[in-house]
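Down below is the structure, laid out as structure tokens.
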Protein chains: 2
Amino acid sequence: MPTKSPVIIDLKFDQEQVAAALKDAFPGREVINVLHPGNRNRDLSGVDYAVVWKPGADLFSRAGDLKVVFSGGAGVDHVLALPGLPDVPLVRFVDETLTTRMSEWVVLQCLLHLRQHQAYAVQREKRIWRELAQPEAKEVTVGIMGFGVLGQDAAMKLKTLGFNVVGWSKSGRKVEGFETYDEAGLDAFLARTDFLVGLLPLTPDTKGIFNTGLFTRLSRKGPFGAPVFINAGRGGSQVEAEIVASINDGTLHGASLDVFEQEPLPLESPLWAMDKVFLTPHAAAASDVAALFRHVARQIERHESGKPLEHLVDRSAGY
Amino acid sequence: MPTKSPVIIDLKFDQEQVAAALKDAFPGREVINVLHPGNRNRDLSGVDYAVVWKPGADLFSRAGDLKVVFSGGAGVDHVLALPGLPDVPLVRFVDETLTTRMSEWVVLQCLLHLRQHQAYAVQREKRIWRELAQPEAKEVTVGIMGFGVLGQDAAMKLKTLGFNVVGWSKSGRKVEGFETYDEAGLDAFLARTDFLVGLLPLTPDTKGIFNTGLFTRLSRKGPFGAPVFINAGRGGSQVEAEIVASINDGTLHGASLDVFEQEPLPLESPLWAMDKVFLTPHAAAASDVAALFRHVARQIERHESGKPLEHLVDRSAGY
């Protein structure tokens, strides 16, 4: 039986978490964490697999024989931009953990806006006891842009809570139980959408897509008279100066942002101080490193037993 | 065909909303809103139905022939305490609207605690960009006390989001898909519960039940090391001084309260200023007056066509 190929780990994550998760992650297989000082000059030729997130600039030249590259995150825009990325299958991180965490965040944000959490917080500051007129979830249509694994899971959960949900993807992917729209249907989709949820990959097509021009095409017939923008996809898809202006002039009723054009969000960003905007520090769906390694191990097992790899990135589409 | 009995309305709600909702609510039937000045001296004898919330002290003596009394709210403790309440069927308000609104609130509160909303708000004040270690819903067991229509709906929605859910009711009501506990199983139920959700009616048995003694029996094995208390049942079921002390000494990790011993919550209550406590002003599941009248009309129709009334109050149980 031939020796199993080692797996290279180059993940700019918390190294304690990585070390803890690596224990027993790849039984019978050597793990080479290139961030470990002892591996600085290690010969990486002949190694088949690498799991990467913001890898060293020389990784791909050092590891010239890679057969599969695994992205450490769900988004692969950073990985696709890496110089020297070999032309081998690239696998994105898709995991139940990541999906359910993202849906927790999306549902929480939709409920925060629906249930007027900020307005109640303002009243509380002044110790005002006053019930606000309260629409129900069924009076709100959530439109999800990006209707893949993450979008569909969030859609199902929002629907269970009573929200109307519609989906948009470039290809107009059909999903049972939901009305979906394609590229040509964008205007119709936006016109129905009271709460817009962005779960798009970052590609040349989606760069800066969330801007004033798009916000003005959203529904203003919802219970709050103006739409809400919620983004947990990629910061590069949004134009933050236009989000700020749209909140200030009433084009948007509120927003929830987990991703930003520049991360960490610069101290001088006006978003920090806007009380109609809920912020989290790119924490909506933290990659659970243990889950990442389980996913990688499963895919390597498929690969070595002759089954096709799952969750392959389509480089021409950019995701 | 005999004339349909009129229906008496005595609801201390917003009268504009009541008037709007009464339009076409009871076709072919006279509506007598006793709060209307013209009805002050109206003869109410011979009227079969009354819909009440905090009715006038003389209502039941004036309307001596009532056949059914409808509560304007889901809780009936106020109604059961009314002097002169006739010994006729009493129907609680159960409505999809009320149920879904309550579940929105319960799910929102569970997610606020799970996703460390308050801790992120504190960081944001200081413009700190730091991802916190984040447990998943599946690492948390939500225990719901009061496992009737409201509790079961919230349970199903929390389960869809990934939480573990267990139910408690005095009778140990069995509900498919959930482990449930009865009176004798209270300790076992509490020992498993990381987030305790109170949806209990107020009865002699439940008065003051949410106190330090109960909080110390909750699980401390959850991801936050201490339990969370969430109450949207009745304020009379909780001992607020002990909630405050339990938050301050770490017996509780946090709380969400929609109901209070005294409402409006007195200005001097320390709860207003506690940042580990989310507060709403008895707004979790606003009675939608239009929905109330739809429910009453449906039950009257059942009654008059010889079908049994639904949602009858068991006076010996107090709910």
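Considering only the stretch A:58-74, how many residues are buried (at least 22 other Cβ atoms within 10 Å of the Cβ), closer than 22 Å to A:Ala290 by Cα and modelled with pLDDT of 95 or more?
Counting residues in the stretch A:58-74 that are buried (at least 22 other Cβ atoms within 10 Å of the Cβ), closer than 22 Å to A:Ala290 by Cα and modelled with pLDDT of 95 or more gives 3.
Those residues that are in contact (Cβ under 8 Å) with a residue 24 or more places away in the chain and surrounded by fewer than 18 Cβ atoms within 10 Å (Cβ to Cβ), I need them from the stretch B:204-218; list them, please.
Passing the criteria: B:Pro204, B:Asp205, B:Lys207, B:Gly208, B:Asn211, B:Thr212, B:Thr216, B:Arg217.
Given the condition within 14 Å of another protein chain (Cβ to nearest Cβ), small (Gly, Ala, Ser), surrounded by fewer than 21 Cβ atoms within 10 Å (Cβ to Cβ) and without any contact (Cβ under 8 Å) to a residue 60 or more places away in the chain, answer yes or no: does some residue in the stretch A:178-185 qualify?
no
In this structure, is A:Ala317 in contact (Cβ under 8 Å) with a residue 24 or more places away in the chain and either of a type in the set (Lys, Arg) or within 14 Å of chain B (Cβ to nearest Cβ) (or both)?
no
For the stretch B:245-266, what are the residues that are over 26 Å from B:His78 (Cα atoms) and either within 14 Å of chain A (Cβ to nearest Cβ) or in contact with a helix residue (DSSP H, G or I) (Cβ under 8 Å, 6 or more places away or on another chain) (or both)?
B:Ala245, B:Ser246, B:Thr251, B:Leu252, B:His253, B:Gly254 - these are the residues of the stretch B:245-266 that are over 26 Å from B:His78 (Cα atoms) and either within 14 Å of chain A (Cβ to nearest Cβ) or in contact with a helix residue (DSSP H, G or I) (Cβ under 8 Å, 6 or more places away or on another chain) (or both).
For the stretch B:186-203, give me each residue that is under 16 Å from the mean Cα position of the chain (by Cα), hydroxyl-bearing (Ser, Thr, Tyr) and buried (at least 22 other Cβ atoms within 10 Å of the Cβ).
none
Out of the stretch A:64-94, which residues are among the charged types (D, E, K, R) and either within 10 Å of chain B (Cβ to nearest Cβ) or within 12 Å of the chain's Cα centre (by Cα) (or both)?
A:Asp77, A:Arg92
Quickly run through the stretch A:96-133 and pick out the residues that are open to solvent by 20 Å² or more (accessible area, probe 1.4 Å) and more than 10 Å from every other protein chain (Cβ to nearest Cβ).
Matches in the stretch A:96-133: A:Gln118, A:Ala119, A:Val122.
If I filter the stretch A:1-57 down to residues being assigned to a helix (DSSP H, G or I) and out of contact with any Leu (no Cβ under 9 Å at 6 or more places or on another chain), which single residue comes out as surrounded by the fewest Cβ atoms within 10 Å (Cβ to Cβ)?
Going through the qualifying residues, I end up with A:Pro37.
Determine if the stretch B:69-91 includes at least one residue that is under 16 Å from A:Glu104 (Cβ atoms), touching a residue at least 24 places away in the same chain (Cβ under 8 Å) and in contact with a Leu (Cβ under 9 Å, 6 or more places away or on another chain).
Checked against the condition, which is being under 16 Å from A:Glu104 (Cβ atoms), touching a residue at least 24 places away in the same chain (Cβ under 8 Å) and in contact with a Leu (Cβ under 9 Å, 6 or more places away or on another chain), the stretch B:69-91 yields no hits at all.
What are the pairs with Cβ atoms under 6 angstrom where one residue, in the stretch B:120-139, is within 22 Å of A:Ala291 (Cβ to Cβ) and the other, located anywhere, is among the aliphatic types (A, V, I, L, M) and part of a loop (DSSP other than H, G, I, E, B)? Sequence gap at least six, or different chains.
B:Glu131/A:Ala283; B:Gln134/A:Ala286; B:Ala137/B:Leu161
How many of the residues in the stretch B:272-312 are farther than 30 Å from B:Gly254 by Cβ and outside any helix (DSSP H, G or I)?
8
Can you confirm whether the stretch B:143-165 contains a residue that is open to solvent by 40 Å² or more (accessible area, probe 1.4 Å), part of a loop (DSSP other than H, G, I, E, B) and within 14 Å of chain A (Cβ to nearest Cβ)?
no
Cβ-Cβ distance below 8 Å, separation of 6 or more or different chains: which pairs start in the stretch B:145-162 with a residue that is at pLDDT 95 or above and end on one that is open to solvent by 30 Å² or more (accessible area, probe 1.4 Å) and part of a helix (DSSP H, G or I)?
Final answer for the pair search is B:Met156/A:Thr160; B:Lys157/A:Thr160; B:Thr160/A:Met156; B:Thr160/A:Thr160; B:Gly162/B:Lys138.
Given A:Ile230, A:Ile128, which one is outside any loop (DSSP other than H, G, I, E, B) and not basic (Lys, Arg)?
A:Ile230
Could you please find all residues in the stretch A:267-298 being at the interface with chain B (Cβ under 10 Å from one of its Cβ atoms), open to solvent by 30 Å² or more (accessible area, probe 1.4 Å) and without any contact (Cβ under 8 Å) to a residue 60 or more places away in the chain?
A:Leu267, A:Glu268, A:Ala273, A:His282
In the stretch B:75-93, which residues are touching a Gly at 6+ places or on another chain (Cβ under 9 Å), part of a loop (DSSP other than H, G, I, E, B) and open to solvent by 10 Å² or more (accessible area, probe 1.4 Å)?
B:Gly75, B:Pro86, B:Arg92
Take the conditions open to solvent by less than 40 Å² (accessible area, probe 1.4 Å) and assigned to a helix (DSSP H, G or I) and apply them to A:Val175. Does it pass?
For A:Val175, the condition - open to solvent by less than 40 Å² (accessible area, probe 1.4 Å) and assigned to a helix (DSSP H, G or I) - is not met.
The values are calculated or read from the model by the stated rules, or taken from the named source; none is laboratory data. These numbers come from a predicted model, not from an experiment. Reconstructed Cβ throughout: ideal geometry from the backbone, glycine too, with neighbour counts over all protein chains shown. Accessible surface areas use protein heavy atoms only, side chains included; no ligands, DNA or RNA. Shrake-Rupley method; radii C 1.70, N 1.55, O 1.52, S 1.80 Å.
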